Amino acid sequence: MTDRSTDPLAAPASEPPAAPGAKRRAPVPKQKRPGPYRVPKREDRHGLLIVNTGDGKGKTTAALGLLLRATGRGMRVGMFQFMKSVAINGEHAAAERLGLEIELLGAGCTRGKHDTTQDRALAVEGWARCHAALAGGAFDILVFDELTFPLTWGWLDVTEVLAAIVARPTGTHVVVTGRDAHPALVVAADLVTEMRVVKHPYRDRGERGQPGIDW
Ligand code: ATP
Ligand code: MG
């Protein structure tokens, strides 16, 4: 058995004897309750431009996690999803319960489509809604999910979009997600994370996405 004289981390063999006459009380563990926490006023906070990009999974998931955290702080949050047209994902059901505002802006998948006129028009309309929400100043955090695609494809003008983001009301955080973030977006951002795929069951084994994990 280890001895405390040689091993300071070893458990004591037995309770040390109480001093004669001393009244011993069981130690009361300190209760560490989170104190009241107020989100700093708009003017006192640094509104970040956050970009989640890269080929690996987790860009949208991370943005949703951030919205969950901010909702817990009583902040008003919203997510606009480019490309998506149908609310079938778990996040949409959760959003209803938690009071997160998620708006769909797209016409679904564009892969293999020859005529993308309508998708392009929807992206332009969608960005107008994002811009209005941003400039309106009612939101503490706004996520523009998959905004990188209409920017990369030239459906939206990157200079105009960036100008609107830069001119946003003080203290507003903006999160942009999607693969292949435009270099200008990366330069303008305060926080950029690149998800890198190491393994993915869909890519490696042809497995399909699963509810709760992918949608
Ligand atoms: P998620 O929404 O799960 O956080 P994401 O936003 O990082 O994923 P997207 O490019 O929007 O990724 O793709 C969404 C879907 O594609 C998800 O179902 C995700 O599991 C899947 N996916 C993401 N990365 C890969 C990959 N490298 N190979 C195959 N499928 C992927
Ligand atoms: Mg995504």
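The values are calculated or read from the model by the stated rules, or taken from the named source; none is laboratory data. This is a predicted model, so every value here is computed, not measured. All Cβ positions, glycine included, derive from the backbone under ideal geometry; neighbour counts span all protein chains shown.
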Filtering segment 156-210 for residues that are at pLDDT below 95, more than 13 Å from residue 55 (Cβ to Cβ) and within 16 Å of ligand 2 (Cβ to nearest atom) leaves a count of 2
Could you identify the single residue in 126, 154, 212 that is closer than 24 Å to residue 88 by Cα, in a loop (DSSP other than H, G, I, E, B) and either more than 21 Å from the chain's Cα centre (by Cα) or not hydrophobic (A, V, I, L, M, F, W, C) (or both)?
-> 212
The listed residue being surrounded by 12 or more Cβ atoms within 10 Å (Cβ to Cβ), within 16 Å of ligand 2 (Cβ to nearest atom) and either within 20 Å of residue 129 (Cα to Cα) or under 11 Å from the mean Cα position of the chain (by Cα) (or both), out of 66, 49 | 66
When residue 40 is evaluated against the numbered criteria (1) touching a strand residue (DSSP E or B) at 6+ places or on another chain (Cβ under 9 Å); (2) part of a loop (DSSP other than H, G, I, E, B); (3) at pLDDT 85 or above; (4) not small (Gly, Ala, Ser), which criterion, by number, is the only one it fails?
-> (1)
Counting only residues that are in contact with a Ser or Thr (Cβ under 7 Å, 6 or more places away or on another chain) and among the hydroxyl-bearing types (Ser, Thr, Tyr), segment 125-164 contains a total of 1
Those residues of segment 132-148 which are surrounded by fewer than 19 Cβ atoms within 10 Å (Cβ to Cβ) and not aliphatic (A, V, I, L, M), in sequence order | 136, 137
